[in-house]
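Each reported figure results from applying straightforward, stated rules to the coordinates on display, with no laboratory input. Quantities reported herein were computed from a predicted structural model and do not represent experimental measurements. Virtual Cβ from ideal backbone geometry, glycine too; neighbours counted across all protein chains shown.
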Amino acid sequence: MSAHVTDTADLIAVSAIVVGFGVTAMMFRVQRELYVLEVLKIETLWLAWADYMIITSVMLAVFGATVPLLVFPTLPEWVVALSASSCVGAVVLQAGFIPSILAHYRIEIGTARTGSREKGEPAERLFVIGAFIIAGIAFVITFCLRMGVL
């Protein structure tokens, strides 16, 4: 079974949305860290655990979805399955970013903790690990469904 043009166009569109949001989110995070460094004069800079979900989602969208779709002149079934699976995993990670970054800043989630924040607040860790597990499962299920294994 070969992929339809609309399948690949939809996958590239989803990938582009993931990349667009991911780059925007990272730019806000970098801007915030630079503010902490330059204005507040706090030299401890780090990426929150939640930020790694954004980075991973962008990498999945670019190298797991868009690049394979553009490289092959005729798309084998496994390439479309890989692209769809990568998009699903990337979307799950970006959805998980929202509660994870809220937990990082203790906004509505993790508010019982006091004192300075740590890299990987406990509630943030739970959301990040959970999102990576769910994204991995979603990736595998999507790939298997697309390949006709399930």
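Computed over the chain, relative contact order equals 27 percent, with contacts defined as Cα pairs under 8 Å that lie 6+ residues apart.
Where the alpha-carbon atoms of segment 81-150 are placed on the principal axes, they occupy 51, 17, 14 Å, in descending order. Peptide packing: for 23-35, 62-74, the average count of neighbouring Cβ atoms within 10 Å per residue gives the ranking 62-74, 23-35, highest mean first.
Please name which of 68, 80, 46 has its Cα lying farthest along the dipole of the chain towards the positive end, using unit charges on Cβ (Lys, Arg +1; Asp, Glu -1) and the Cα centre as origin. My answer, from the dipole projection, is 46.
Against the main long axis of the alpha-carbon atoms of the chain, helix 77-104 sits at an angle near 20°. Relative to the longest principal axis of the Cα atoms of the chain, the long axis of helix 5-38 makes an angle of roughly 10 degrees. Give me the distance between the Cα centres of segment 31-60 and segment 82-114, rounded to whole Å. The two parts, judged by their Cα centres, are 15 Å apart. Packing order of peptides 111-117, 43-49, 83-89, 100-106, highest average first: 83-89, 100-106, 43-49, 111-117 (average count of other Cβ atoms within 10 Å over each peptide's residues).
Please state the charge dipole magnitude for segment 5-147, taken about the Cα centre, from unit charges on C-beta atoms (+1 on K and R, -1 on D and E), reported in debye and rounded to the nearest 20.
Result for segment 5-147 is approximately 280 debye, rounded to the nearest 20.
Note on the chain: Rg/Rh from Cα positions, Kirkwood definition for Rh, rounded to two decimals, is 1.08. By definition, a body whose alpha carbon gyration tensor gives a ≥ b ≥ c is prolate when a/c is 1.5 or more and a/b is larger than b/c, and segment 72-122 fits this prolate description. Could you check how many percent of all C-alpha pairs in segment 1-88 are farther apart than 15 Å? Tail of P(r) above 15 Å: 61 percent of Cα pairs.
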